[in-house]
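Undergrad: This is the structure, below, for whatever I ask next.
Throughout, read-outs are computed from the coordinates displayed, never taken from laboratory work. All values reported here derive from a predicted model rather than from experimental measurement. Please note: Cβ atoms are built from the backbone with ideal geometry, for glycine as well, and neighbour counts cover all protein chains shown.
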Amino acid sequence: MGNLEHLYRQVIMDHYKSPFNKGLVADPTYFTVNLHNPSCGDDMTVQIKESNGIVTDIRHEGTGCSICCSSASVMSITLKNKTKQQALDIIHDYYHMLTNEPYDQTILNGDALAYHGVAQFPARIKCATLAWKATEQALLANKEE
Ligand code: ZN
């Protein structure tokens, strides 16, 4: 394992142990989506709040493997305070990174790039994308008042 791989593994473990934006809120202005990944047993709920076209908050709560839970934390800090379209663009860029398609490293933040190695493990891609898919569904379904 090279130094870079070691660094990426550390990023993932840090987010797993000390996640950002974890915990759901009882606020009806948030839009909630729950997704399940039967192949690993991951269960993830995300909540998003949009205001004037900006994703002003993202919360997550789930159980599962370290890749799934840590990526929810990374997703939340990556997409928070972006416009809906920016957030969707970043989500698609992240998917491309994980499926070995061309992607733009400059629009993913450093922590999201830590998951590029998951592309070598197809069985784990669903773990790394579960929280991102939940947020994508929430963004597409949420109609801001
Ligand atoms: Zn998993």
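Undergrad: Take the Cα coordinates of region 5-44, assign each an equal point scatterer, and use the Debye formula without solvent to give log10 I(q)/I(0) at q = 0.23, 0.26, 0.29, 0.35 Å⁻¹.
TA: -0.94, -0.96, -0.97, -1.04
Undergrad: Oh, and also: Contour minus end-to-end for Lys143 and Ser39, with contour as 0.36 nm per residue of separation and end-to-end as the Cα-Cα distance?
TA: Gain on extension, Lys143 to Ser39, equals 34.3 nm.
Undergrad: Considering Cα pairs under 8 angstrom that are at least six residues apart, work out the relative contact order of the chain and quote it in whole percent.
TA: The normalised contact order for the chain reaches 28 percent.
Undergrad: A further question on this structure: Would you grab the residues whose amide H sits under 5 Å from the one on Asp57? Only those 5+ places off in sequence or on another chain, please, with H modelled 1.01 Å from N.
TA: Lys49, Asn81
Undergrad: Note the angle between two axes, namely the Cα long axis of helix 66-79 and the longest principal axis of the Cα atoms of the chain, as a number of degrees from 0 to 90, rounded to the nearest 10.
TA: Helix 66-79 sits at roughly 50 degrees to that axis.
Undergrad: In whole angstrom, and with the biggest value first, how far do the Cα coordinates of the chain range along each principal axis?
TA: 49, 30, 25
Undergrad: Same structure, new question: Mind putting together the pair-distance distribution for region 47-115? All Cα pairs, 5 Å bins, whole percent per bin, short to long.
TA: Calculated over all Cα pairs of region 47-115, the distribution is 3, 18, 26, 24, 19, 9, 1 percent.
Undergrad: Considering the options Gln10, Ile90, Ser76, tell which one lies farthest towards the positive end of the dipole of the chain, charges being +1 on Lys and Arg and -1 on Asp and Glu at the Cβ, about the Cα centre.
TA: Selected residue: Gln10.
Undergrad: Also, I was wondering about something else. Among 54-64, 17-27, what's the highest-first ranking by average C-beta atoms within 10 angstrom per residue?
TA: Final packing ranking: 54-64, 17-27.
Undergrad: Same structure again: Add +1 for every Lys or Arg and -1 for every Asp or Glu among the other residues with Cβ under 14 Å from the Cβ of Met13, and state the total.
TA: -1
Undergrad: Work through the residues other than Gly23 whose Cβ is under 9 Å from its Cβ and net out their charges, Lys, Arg +1 and Asp, Glu -1.
TA: +1
Undergrad: Principal axis extents for region 80-119, Cα atoms only, whole Å, descending order, please.
TA: That works out to 27, 17, 14 Å along the principal axes.
Undergrad: Could I ask something else about it? Mean residue ellipticity at 222 nm from the helices of the chain, using -39,500 (n - 2.57) per DSSP H segment of n ≥ 4 over the full residue count, to the nearest 500 deg cm²/dmol?
TA: Helix-only estimate at 222 nm: -15000 deg cm²/dmol.
Undergrad: Compute the relative contact order of region 18-77 as a whole-number percentage, counting only Cα pairs closer than 8 Å that sit 6 or more residues apart in sequence.
TA: RCO, region 18-77: 36 percent.
Undergrad: Separate question: Could you work out how far helix 3-17 tilts from the main Cα principal axis of the chain, as a 0 to 90 degree angle to the nearest 10?
TA: Around 40 degrees separate the two axes.
Undergrad: Related question: Report, in debye and to the nearest 20, how large the dipole of the chain comes out about its Cα centre when Lys and Arg carry +1 and Asp and Glu carry -1 on their Cβ.
TA: The dipole of the chain has a size of about 220 debye.
Undergrad: Let me ask you something else. Which one of Thr135, Asn37, Ser51 is farthest out on the positive end of the charge dipole of the chain, using unit charges on Cβ (Lys, Arg +1; Asp, Glu -1) and the Cα centre as origin?
TA: Asn37
Undergrad: Could I ask something else about it? Could you run the Karplus curve 6.51 cos²θ - 1.76 cosθ + 1.60 with θ = phi - 60° over region 103-120 and give me ³J(HN,Hα) per residue in whole Hz, x for Gly and Pro?
TA: My calculation for region 103-120 gives 9, 9, 4, 6, 9, 8, 7, x, 5, 5, 5, 4, 8, 4, x, 5, 4, 7 Hz in order.
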